[in-house]
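Structure first, commentary second.
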Amino acid sequence: MNDNLGVDEIITPFEMQHLISTLDKVDIALYGSKEWLKHHEKIEKMNNQGHRNALNGDEKGMVEDFVTGADSGQNQVETLIYDLLVTEAWKDNIFPRVKNSLAKGFSLKSYMLMYHEATVINLLEILMFHREAIEECQDSVIELIDYCYRKFIWLMNLGDSKPKDHTGKELLDQSREDEIKRQHVEIQFSIAIICISIIRFISDNLSNLNIPVVHQMMEVNDIPCILIPLLEEKPWIRTNSKGEKEVYEDQKWQLKKDAQQVPKVEAQIWLTIFSLFMCGDAQRKYEVTTFRKSNLLRLRKFMNEVLIDQIPVLTEMLRSLEELSMIQESTIASSNPFVVQVLPEIREGITKGKDWKEIAEYQTKHYFELSETETKEEMKGIMSLYSTDMLEDFLDQPKCGHCGKEAKNRCSRCKHEWYCSRDCQMRAWKAHKKLCALLAESIKNDENSTKKDKKKQEKTESKPLIQEIKKENEPVKNYTQEPQENSKVEEPEVAKVEEVEDSKISENKKPIIEEVKESKIDEIPESSSPDTLPSNTEAKEVASTPNEHDSGSEAEGEIDFEECD
């Protein structure tokens, strides 16, 4: 069985079964180790393939393998829930102690350590959509409900700290510590939104679950009462730097085009409350106290014609709320002696008796503060997991970096920013210039580094025996002479072109806008499908603007980019 697949490769059902059957629980002390990295690789593969299957409506086989454990004989959905709680405990207790060490290392590893929780919850979202996955692991579902409740509390207390949109300059000016802090908030936010979907799936199957699960949902965590304040706060809606309303949908922030349309996340909450409030079994087990009654009646102010037209089932719930307003409630909840509460033992077992300071020091020394050679090897292993091809099925058409419309042209210098037209490129150049230069320099350094590594590898390779016999009497200097660092062979062609352009700029002092107009745009043929994201080799590129020597014309005020905006 091939265990060295990249996450971008399609996994066959037999390979998926092998990955599921070999999925093991990893102790929190090994978080970030080589063993954990292999564990993360498995989950990344399964999550990626799971989303491919979900897009094609062919995930039932995978769900069955997770429930039965394939060849392992154990329910691997419970293993994923265990891994989710381990990651949460690590981020709560160890991450604050090691984040300074992570800030000194390469950013991809620190991001991967934080994002692992999002990967696991994303995979669980696919599994929890199916009733059999919920019914076959009800004890672990209690742990999952308790986990989601903690995320809702975090989301409700977020306030003004919700993820914000940042300009390229702001991102460049961020320190590594600020970058990790920003990434942590963004990841936690996406996890909390996914938890809303998971709770909705569990609530839809509440009538098929045992009494302890219903008790955990309705009495212990009181999910209906925690969701109502979220409807009032609406953390999934924000105002960007341009004063435009954005809504968080499909795991990304996008412009809210229709002010009357109910966001998907908000609709999920309404359907969850409807299932919990209108379910017969849940109603009998949910004692309405004075606090709960006042909390539920707060929903009436949102239930207008616009909302009910989009979610018609709420008509019945509005009628029930009106009846509730006339019912006499009890002041305090009475305890039921016949209900046996199942305590969340998994999380307690993970955190009990742990010396977090000792574990953090050990992980810092052995996993996060590595030598240069170890760091390079680890970087190569992590980078091999990810590629642009992996995302082709999940990415939208590239958007223009200035106006937001669909784009078919890309900056040829940094190969990062997309534009729909030459006009938008010129308008965005002032803001894009600094980032473009840094990205272009990074690409150039990577190319030079690759060339040097390739030459060193060629030198270290053993020479054919016949060649050694022929040249054994030649001077040693022919074999040991190092190439000059400034040799013309290693000098990139791009640098030569830029030198020529720089000399022309110094002689003619052309304004920026004229130089941009003189560059060429290679249009993508009309036959290209707009629904497919162009690959690196197929994408057409917009010729980049001049290099740093053009700053003088900007200082002279020949071009006023603010007016273009």
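Assorted remarks:
- For region 275-319, the solvent-accessible area with a 1.4 angstrom probe is 54 square angstrom per residue.
- Using the Cβ-Cβ distance between Ser371 and Ile237 with R0 set to 60 Å, the FRET efficiency works out to roughly 0.80.
- Inter-probe distance in nm under a simple model that places probes 7 Å from Cα toward Cβ, at Ile327 and Glu361: 5.8
- Protection proxy ranking of 176-189, 121-134, by the mean of other Cβ atoms within 10 Å over each peptide's residues and highest first, is 121-134, 176-189.
- Efficiency of FRET from Cβ geometry, Asp71 and Arg182, R₀ 35 Å, rounded to 0.05: 0.25
- Cα-derived Rg to Rh of region 193-269, Kirkwood definition: 1.08
- Within the accessible area of region 25-136 (1.4 Å probe), percent carbon and sulfur: 42
- Computed lengthening from Asp258 to Lys354, 0.36 nm per intervening residue step minus Cα-Cα distance: 29.5 nm
- Each Lys and Arg adds +1 at its Cβ and each Asp and Glu adds -1 at its Cβ; summed about the Cα centre, region 1-119 shows a dipole of about 680 debye.
- Accessible area (Å², 1.4 Å probe, nearest 10) - Glu377: 120
- Solvent-accessible area assigned to carbon and sulfur over region 212-255 amounts to 47 percent, based on a 1.4 Å probe.
- Were the residues from Lys38 through Asp139 laid out at 0.36 nm apart, the gain over their Cα-Cα distance would be 33.6 nm.
- Under 5 Å from the amide H of Cys414 lies no amide H of any residue 5 or more positions distant or on a separate chain, with H modelled from the backbone and absent for Pro and chain starts.
- Surface analysis of region 1-140 yields an accessible area of 40 Å² per residue, using protein heavy atoms and a 1.4 Å probe.
- Rg/Rg_ref, region 150-192, where Rg_ref = 2.2 N^0.38 Å and atoms are Cα: 1.25
- When the surface is traced with a 1.4 Å probe over the full set of protein chains, Cys279 keeps roughly 30 Å² accessible.
- Label-to-label distance, Thr167 versus Lys444, with points set 7 angstrom from Cα along the beta-carbon direction: 2.5 nm.
- Peptide packing: for 312-318, 60-66, the average count of neighbouring Cβ atoms within 10 Å per residue gives the ranking 60-66, 312-318, highest mean first.
- Averaging the Cα positions of each part gives two centres, and for region 59-120 and region 394-443 these lie 34 Å apart.
- Solvent-accessible surface of protein heavy atoms, probed at 1.4 angstrom with all chains present, puts Ser371, Ser241 in the order Ser241, Ser371, largest first.
- Prolate/oblate/rounded label for region 69-111 (Cα gyration tensor, a/c 1.5): prolate
- Cα gyration tensor shape for region 88-204, rounded if a/c is under 1.5, else prolate or oblate: prolate
The values are calculated or read from the model by the stated rules, or taken from the named source; none is laboratory data. Predicted model, so just to flag it, every value in this text is computed and none were measured. Don't worry about glycine lacking a Cβ; one is built from the backbone with ideal geometry, like all the others, and counts go over all protein chains shown. Surface areas here come from the heavy atoms of the whole protein model, side chains and all, with no ligands, DNA or RNA. Shrake-Rupley method; radii C 1.70, N 1.55, O 1.52, S 1.80 Å.
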